[in-house]
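Structure, as structure tokens:
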Amino acid sequence: MILCAGNGEEFPFALPIGVGLIESAINLTRLALFDKPEFMVFIGSAGSYGGYEIFDIVESKIAANVEQSFLTKDSYTPIDNVIEAYENEKIKNVSHKTIVNSSNYITTNSKHAEAFRKLGLELENMEFFSVLRVAQEFEIPVLGIFVVTNYCNEDAHKEFIQNHKEAMKKLNDYVISRYGVSK
């Protein structure tokens, strides 16, 4: 089953689950309870903390939920904030160990982006942590495929808007080619 956020990131072959950590967790939990898929692929856009270029396509099976307040030592968390996908044969060959960070907020501070990168985080996508957490709870193997639309800096939103249409086309073509889905 192929999933996407929706709200501008729709694909004819993907089921929208909502934007951000909360909507995606609620809708994906509902899906897992009533029509549990054997395997999920989440596709969407991502911001780069600097290690990936605009329009790079990246596959990942590791997500984090590290907030900016953690960087400034203004918060801590008692929960596991870095998780790896429940694995089976379908995702054992994912070569990248790219960690995708998730938050309901977009990073627009390049110093914070650099600090995230020093922590081993490479990309930012609003939904992936909740997708992995729900998948983990229901023992569903999952993979994320992301296209970089912007860098996480003061121009993040402008770059996202400027690159979004072309990025979605590149992601669409990649998924069709890699997974043989039809339009």
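So the values come out like this:
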| read-out | value |
| --- | --- |
| Kyte-Doolittle mean at least -0.5 and Cα axial length at least 18 Å: DSSP H helices in the chain | 20-34 |
| Neighbour-count ranking [beta-carbon atoms within 10 angstrom, fewest first] of Thr77, Thr98 | Thr77, Thr98 |
| Two-site label geometry, Phe13 and Lys169: point separation in nm, points 7 Å out along Cα→Cβ | 1.8 |
| Mean separation of Cα contacts under 8 Å, 6 or more apart, over the residue count of the stretch 2-179: relative contact order % | 32 |
| Share antiparallel - DSSP beta bridges, the chain, percent rounded to 5 | 35 |
| Reciprocal mean inverse distance between Cα atoms of the stretch 2-179 - Kirkwood radius, Å | 16.1 |
| 3J(HN,Hα) from dihedral phi, the stretch 75-86, Karplus parametrisation 6.51/-1.76/1.60, rounded to Hz, x for glycine, proline | 7, 8, 9, x, 9, 5, 9, 9, 10, 10, 4, 4 |
| Centre separation in Å (Cα based) which lies between the stretch 132-183 and the stretch 97-112 | 15 |
| Histogram of C-alpha separations across the stretch 132-183, 5 Å bin width, % | 4, 18, 17, 15, 16, 18, 10, 2 |
| Simple spin-label estimate for Ser177 and Glu139 in nanometres, 7 Å along Cα-Cβ | 3.7 |
| Only Lys, Arg (+1) and Asp, Glu (-1) charged, at Cβ; the stretch 57-183 dipole about Cα centre in debye | 360 |
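Where a number appears in this text, it was derived from the coordinates with a stated rule and is not lab data. Bear in mind that the values here come from a model prediction, so they are computed numbers and not experimental data. Note that each Cβ is placed from the backbone with ideal geometry, even for glycine, and that neighbours are counted across all protein chains shown.
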